[in-house]
Amino acid sequence: MKLALTAPLPPWPLPLAHFAAHLLWALREKATVFALCDAPYRVPPLFLGGVAAQPFCDLPSLLRTKAVEVPIHLIGDDPCHLSQLRFVRECPGILVLPTLSLDRLRASLAAELFFTQLPFVHGFQGESLAIVLALLSRAVLVASEADAEFLRGMVPTIEVVALAGLSLTAPDVRAVAAALQQLAKKLCAVPVAGPAAALLPESLPRVAAIVVTYNSRSIVAPCVQSLLDQDWPALDILVVDNQSADGTADFIRSQFPSVRVIDSGANLGFGGGNNLGIKSADAKYVVLLNQDAIAQRDWVTELVRVAELDARIASVGSKLLCMRCPSVLNSTAIEINEGGFAWDRGIGERDDSPAVHPESVFGGCGGAVLYRKAAFDRVAGFDAAFFMYYEDTDLAWRLRRAGFENVYAPLAVVRHDVHGDGLPDRERVARRRYLCERNRHAIMLKNIGTASIGVLLWHLRKRDRHRLRWLDAAVRAGGRGPEIYGPIAAAVRRAWRATLLSLPKLLLRRWRTQWRAVVSSASVERQLVRGWHQGGHQGDVANVHDRHSAKAATSIRIGVDDHGSLGAGFHSLERDNLGQPFRWTRQRAWFYLQPEVGSQSLVLLLASPRQLRTVRIRSDWLNGGALNGGALNGGAGPTLGEFVVGATPFEARILLPATLSRGAIVEFLLEVMSMQVGVPESATDLRELGVVVLTLRIE
């Protein structure tokens, strides 16, 4: 038998997720099983036992290719099942209900696009949702005979089986697996036609997907293919080529003949290229995708579902994951502070939130975003004068001033090669820094309210003078100062010159922005992050790894061989007065080591120069034997050791448990129990600081 289990899986700290992990192991003994969940990249391998986790949206493809014969849908009373429910309907199979009370889940479906055709009325309770889900299924497994009798009375045409072992308070996983295998054999004898259509294309709003390319022949194919694989049927794909010199346009025409290619005739930049594509699109919505990004199959579907909730929604941002370390966030939204410094929310942090509902944000990252075309046209689209960087932030601000809402859809997932630009040449780094500095001035001078512009100019000049004094001092200090800080100082000065020289044109751009506004500037300015400084809170994003990309190592010497073994939560490399390299951590920091056979201890050399800190070390990665034995730990995993660190470097030695994997890369988590965060108006170091790390090794 070839089965697919759709369910929440660890690390989400839900009893149902842990039950699903046990059930997966039991089903694998006598069947081929696929594991489908919401966040497959976050699931530790120990819970999968060699099975590769996949997103829910891959299920229809698995059924069409006959890789799966019967899907098993494990549903509990939690909003985390929201995206899973769509596939209960499209891919009917065995429904597993540990409880018929689904009130929390029912509440989360108040405006669910894919259930508009179902017989919901306002008076329905959680049990009624269980009835509807049963009607969509081929068989149902419940936890008690009382539940079975209730469903049999309501859905007499569906086979309903009661099994006491399904109760999450006293589960019998092997009995549940046996019952599911027996039901699956019956269903395999009566094959169905395949996945059902979600909705007819003519009933769906038209969407145009736009990719702007520039010398991207070697990287663009996965991006375009991911759009062709989308499960939204009413989708047109347009590629705008910004005068590539490597034959990108011809390559796309030959490899993807169904894709429309527009030659821009010049390098119009990100904003200008997208403006050209959107102008050519005949659609209610447009979605933008970076040329080095890959969208999950249901990306467009989730974006449109959220956009359809309210006509005031002008843009819907995506969850962008890092390509090489997909359990780490690239962006969940755009944030901008009072000084005009903008950044991607969550960049470099772990994707550890189970949130499924959309939320209001300042704006979505332009690398993977949906725009309502009417709203986009209302504010005259992107400001092409930005060329690159900050144009999506500027557009988000103008949409808000026009009375629209920008939201974030956590179920719209894209993987982005944020590290692909990690080692560009110096000229490219300098140009990027200059454009960001110049466009920072432009976005603030265009959008800030008249009452605030005087304070803005005073602060911009004051803060940048302070920055330049600090940068010049760092350059004069020698060492790597001229190499690192010299180009930054040059970019800041060049940006100020460009701003002053283009001031008449910038004032005209401001006038065009302000006359379109219908919402007070103060209401939008309240959404700016407090503070005028450039933050360093993201950590060393260019050096973040996770279990998908970490290298095998038995030791990490900071500043020597720490590239490839550090995860989220580490700041950039620094050196003390004696030249000793070190890194600060944040409150939580992950690292990766490979204990060899016979390894007994984890050794850490740490210090806390500012105050005593309590440090805790955890690891999620117990081996498969622990899972079979019934020992499941949720959240961050069991504590391996805890100790106090002061100003003097302290060598902590932690005994590794026998259950910890040997011969495989192990993920460790360092948590600082006491943390100090700089106060923006009084501190010079605004980073979230934990402890100083010097070495990490296995003995």
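The values are calculated or read from the model by the stated rules, or taken from the named source; none is laboratory data. These numbers come from a predicted model, not from an experiment. Counting neighbours? That spans all protein chains shown, and the Cβs are built from the backbone with ideal geometry, glycine included.
Of all residues in the stretch 352-359, one or more are part of a loop (DSSP other than H, G, I, E, B), polar (S, T, N, Q) and closer than 22 Å to Leu411 by Cα. All told, Leu320 meets the bar of being at pLDDT 95 or above and among the aliphatic types (A, V, I, L, M). Listed by position, the strands (runs of 3 or more DSSP E) inside the stretch 250-331 whose residues that are within 15 Å of the chain's Cα centre (by Cα) and touching a residue at least 12 places away in the same chain (Cβ under 8 Å) number at least 3 are 293-295, 313-322, 329-331. Per the conditions (1) among the aliphatic types (A, V, I, L, M); (2) at pLDDT 85 or above; (3) more than 25 Å from the chain's Cα centre (by Cα), the sole criterion not satisfied by Ala658 is (2). Can you tell me which residues in the stretch 206-239 are in contact (Cβ under 8 Å) with a residue 40 or more places away in the chain and farther than 25 Å from Arg64 by Cβ? Passing the criteria: Ala208, Ile210, Val211, Val212, Thr213, Tyr214, Ser216, Ile219, Val220, Leu238.
Selection of the stretch 133-151 for residues being charged (D, E, K, R) and either touching a residue at least 40 places away in the same chain (Cβ under 8 Å) or buried (at least 18 other Cβ atoms within 10 Å of the Cβ) (or both) yields Arg138, Asp147.
Small (Gly, Ala, Ser), touching a Ser or Thr at 6+ places or on another chain (Cβ under 6 Å) and assigned to a loop (DSSP other than H, G, I, E, B), is that true of Gly381? Taking the combined requirement at face value, the residue does not satisfy it. For the stretch 467-479, the count of residues that are farther than 30 Å from Arg400 by Cβ and within 34 Å of the chain's Cα centre (by Cα) is nonzero. Screening Leu228 against (1) modelled with pLDDT under 95; (2) surrounded by fewer than 20 Cβ atoms within 10 Å (Cβ to Cβ) leaves a single unmet condition, (1).
Applying a threshold of 8 Å to beta carbon distances and a minimum spacing of six or more residues, or different chains, the list of pairs starting in the stretch 412-424 at a residue that is closer than 12 Å to Asn330 by Cβ and surrounded by fewer than 23 Cβ atoms within 10 Å (Cβ to Cβ) and ending at one that is at pLDDT below 95 and small (Gly, Ala, Ser) reads His419/Ala542. Identify, please: which residue in the stretch 334-350 is part of a loop (DSSP other than H, G, I, E, B) and buried (at least 24 other Cβ atoms within 10 Å of the Cβ) and is, among those, farthest from the chain's Cα centre (by Cα)? Looking at the filtered set, the residue picked out is Gly340.
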